[in-house]
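The values are calculated or read from the model by the stated rules, or taken from the named source; none is laboratory data. Values in this document were obtained by computation on a predicted structure and should not be read as measured data. Positions of Cβ are backbone-derived with ideal geometry, glycine not excepted, and every protein chain shown enters the neighbour counts. For accessibility, only protein heavy atoms count, side chains too; no ligands or nucleic acids. Shrake-Rupley method; radii C 1.70, N 1.55, O 1.52, S 1.80 Å.
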Amino acid sequence: MEGAGEVVALASIAALGLLLAGMQGWVLQQDGQDTAVSAAAAAAAQLSPARFTPAWKTAGKILAGSPAATIRYLPRDPSKVQQLLQWLEGSLGVGLQQLAACNNPCNALQLSADAASEVSVFLQRQQVPVEQVAQMLLMHPSTFSYKPQVWSARMQALQQHLDLDTAAALQVAVALPTVLAKKLETRLPPLLLFLESYMGEEGAGRRLVCARLSLAGATASDIGCSIASLAARGYTQQEIRTMISKDATLFQTNLASPLQRQKLDWIDRVSPWTLADFLGSPRYYNTTTRRLAGRLALLRACGLQAPPLPGVQAVYNGFQFLQSVKEQLTRKGRELPWASWPEWESEWLGTGEGREWGFPSIKN
């Protein structure tokens with residue numbers, strides 16, 4: 001039927017708009033493709049831009065903000081979406097408002113009601129409360145597309161290779177369900193062997209992964225490449241071992257990527273803080289180079305000393321940081337020459353330093 005794809009896509013947008021508008025929406029009866037397309041067209045007609053402009057705008061932002069999820073969601077049969085909504089409400093008590101408030105409704109709306117139901121039953125049989133199951137689905141909907149057999153196999157891998165008991169493995173699955181997206185049964189053994197060999201300590205791999213369980217999803221190759229990147233910068237094996245002991249999750253990052261090379265270059269060449277200082281908290285290293293560099297540049301432009309650790313630079317929001325700078329200047333009897341952070345940042349980005357560190361690197 002000509003235009004069927006466009007109509008179904010419009011109906012999918014309408015479904016999302018209705019969801020965000022907090023409405024009960026529509027019910028589709030599907031007896032065949034033509035009927036489904038006609039029903040989809042009728043569903044789309046129920047939500048006109050004139051009637052629910054805020055919902056359409058929000059739906060548009062969600063669709064534009066996550067292109068990959070959008071591409072998978074738009075062709076979805078609207079009747080399947082309705083079936084999922086009914087199951088969420090009836091089995092998990094998840095209503096439209098809760099679903100609309102989750103991180104990315106498109107990811108949740110792609111789920112099959114049958115697949116999600118199977119995972120829900122599996123988790124509840126493991127004594128996971130239904131309220132927690134609902135929260136897991138809202139936070140990490142893609143994990144509910146895995147078969148219960150996959151959940152079981154990966155929990156067994158955690159038990160076998162990390163010496164966890166059943167309760168501990170289940171706790172990992174509940175707290176970090178995205179770890180189960182990785183093939184733990186094939187990734188964990190070489191990862192643990194590599195870490196043990198590099199650290200030169202028996203049981204080091206299991207100790208490090210148990211300390212940072214998100215590391216369980218990494219590969220030995222990922223860790224090895226990141227180690228090689230730091231070694232090429234002149235870091236010694238002992239220094240790298242100390243970093244791994246402090247926060248091994250850094251080594252899950254592709255330190256050879258342009259963005260990471262830019263950050264490491266700034267730390268090596270400009271920053272008063274060492275890479276080890278940035279490992280004091282995951283938030284420190286994960287802060288953008290632009291924020292770190294711009295804030296340090298402002299301190300230097302004002303003749304102020306950088307703090308002993310990068311916490312203030314990384315953690316404070318724009319208002320808090322600027323306020324702390326003003327307070328330091330006031331104690332010296334001076335005023336901040338810039339009225340706001342955007343005013344300073346705009347000026348700084350026009351300098352050579354700002355152009356070098358204020359924009360993402362695209363060099364290979």
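Extension gain, ALA276-VAL150: 0.36 nm per intervening residue step, less the Cα-Cα distance, totals 41.6 nm. Heavy atoms of the protein chains alone define the surface here; on that basis the stretch 301-351 has 60 Å² accessible area per residue at 1.4 Å probe size.
The stretch between ARG283 and GLU89, if pulled fully straight at 0.36 nm per residue, gains 66.2 nm over its current Cα-Cα span. In a reduced charge model with +1 at each Lys and Arg Cβ and -1 at each Asp and Glu Cβ, the stretch 222-276 shows a dipole moment near 60 debye about its Cα centre. Distance between the pseudo-spin-label points of ARG233 and ARG334 (7 Å out from Cα toward the beta carbon): 3.1 nm. Summed over the residues of the stretch 212-268 and divided among them, the accessible surface reaches 41 Å² per residue at a probe radius of 1.4 Å.
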